[in-house]
Amino acid sequence: MRTTAIITGDIVDSTKLNLAERDIMINALQAIPEILLPFEKISMEIFRGDSFQIQIPKSKIAAKAAIAIRAWLRSQVELSGREPLDARLAIGIGDTDYASESLSTSDGEAFRLSGRLLDKMHKARLAIATPWPQVNEELRLSTAFVDDIISSWTQNQSKIMLLRLQTAKSHLELSQILDISRQMVDKSMKSSKEELIESYIDRFEKIIIEHSVES
């Protein structure tokens, strides 16, 4: 069976949002498939208004997709002096035993790992579970560090990092697209720990390719 990735997520502190902020949240969630289109066409379902599930056919890009989702959410309008819009994301990687037209009625290892992982997450906003204990052990600490980095991104840093993830353009090209100085992009990328994020993504892809079947 083919390895896939399931991301199960929910918006942090969604009950504290006012009506205008909930509109921002819903619009941001509905735009996620388009945001991820530069990586891959994904399947997504939103439920209970603030929760969602995404299937990433190519599991090796799941970490990159999750980081892009959080960058997208954190790039939205600031919320009444509170932290930016954000989500807890649980990535489950494994086989899919039963695939239906709806993610909610599909089943398999990836679905179960993702759902159970989200239930166990507390303050963490990014976590990964795979069928391979040695992979889980390696990713546990590195993912925690990346989670902490993303949680410190400002709205502007999130916008720049999202564009970088989507296009892989140079700092000069990003500055031209965003109509800001090259120095501002350089400073933002440095404070966003761009190199560490890219190293993490590269390592994640390598590990998943080594252990999974993606044909």
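Where the second residue is surrounded by 13 or more Cβ atoms within 10 Å (Cβ to Cβ) and not in a helix (DSSP H, G or I) and the first is free of Cβ contacts under 8 Å to residues at least 60 places away in the same chain and among the hydrophobic types (A, V, I, L, M, F, W, C) and lies in the range 125-149, which pairs have Cβ atoms under 6 Å and are six or more apart or on separate chains?
Correct list of pairs: 127/90; 127/121; 129/92; 149/193.
Among the residues of the range 1-38 satisfying the criterion of being of a type in the set (A, V, I, L, M), out of contact with any Phe, Trp or Tyr (no Cβ under 8 Å at 6 or more places or on another chain) and farther than 21 Å from residue 60 by Cα, which is surrounded by the fewest Cβ atoms within 10 Å (Cβ to Cβ)?
19
Please pick out the residue among 173, 210, 205, 195 that is within 22 Å of the chain's Cα centre (by Cα), surrounded by 14 or more Cβ atoms within 10 Å (Cβ to Cβ), in a helix (DSSP H, G or I) and not aromatic (Phe, Trp, Tyr). Please lay out each step first, then the result.
Details: 173 fails: within 22 Å of the chain's Cα centre (by Cα); 210 fails: surrounded by 14 or more Cβ atoms within 10 Å (Cβ to Cβ); 195 fails: surrounded by 14 or more Cβ atoms within 10 Å (Cβ to Cβ).
Unique residue meeting the criteria: 205.
For the range 11-74, please list each of the helices (runs of 4 or more DSSP H) lying entirely inside it that holds at least 3 residues being small (Gly, Ala, Ser). Talk me through it step by step, then tell me what you get.
Working: elements: 19-30, 32-35, 62-74.
Filter on the range 11-74 gives 62-74.
Counting just the residues of the range 108-135 that are farther than 7 Å from residue 92 by Cα and part of a loop (DSSP other than H, G, I, E, B), which one comes out nearest to the chain's Cα centre (by Cα)?
First pass over the range 108-135, keeping only residues farther than 7 Å from residue 92 by Cα: 108-109, 112, 115-127, 131-135.
Pick out the ones that are also part of a loop (DSSP other than H, G, I, E, B) and you get 108, 121-125, 131-132.
Working: 108: 21, 121: 15, 122: 17, 123: 16, 124: 13, 125: 10, 131: 20, 132: 21 Å.
My answer is 125.
Inspect the range 143-153 for any residue being not aromatic (Phe, Trp, Tyr) and not in a helix (DSSP H, G or I) and give the result as yes or no. Steps first, answer last, please.
Quick first cut of the range 143-153, residues not aromatic (Phe, Trp, Tyr) only: 143-144, 146-152.
From the residues that got through so far, the ones that are not in a helix (DSSP H, G or I) too are 151-152.
For the range 143-153, residues not aromatic (Phe, Trp, Tyr) and not in a helix (DSSP H, G or I): present.
Could you list, in sequence order, the residues of the range 39-91 that are of a type in the set (Gly, Ala, Ser), surrounded by fewer than 19 Cβ atoms within 10 Å (Cβ to Cβ) and either over 23 Å from residue 149 (Cα atoms) or in contact with a helix residue (DSSP H, G or I) (Cβ under 9 Å, 6 or more places away or on another chain) (or both)?
Our first condition is that a residue be of a type in the set (Gly, Ala, Ser); within the range 39-91, this holds for 43, 49, 51, 59, 62-63, 65-66, 68, 71, 75, 80-81, 87, 90.
Okay, now just the ones that are also surrounded by fewer than 19 Cβ atoms within 10 Å (Cβ to Cβ), so 43, 49, 51, 80-81.
Once the filter is applied, which keeps residues that are of a type in the set (Gly, Ala, Ser), surrounded by fewer than 19 Cβ atoms within 10 Å (Cβ to Cβ) and either over 23 Å from residue 149 (Cα atoms) or in contact with a helix residue (DSSP H, G or I) (Cβ under 9 Å, 6 or more places away or on another chain) (or both), the range 39-91 yields 43, 49, 51, 80.
Read the figures in this text as sums done on the coordinates, not as results from a lab. Because the structure is a prediction, the values reported are computed rather than measured. Backbone-built Cβ (ideal geometry, glycine too); neighbour counts: all protein chains shown.
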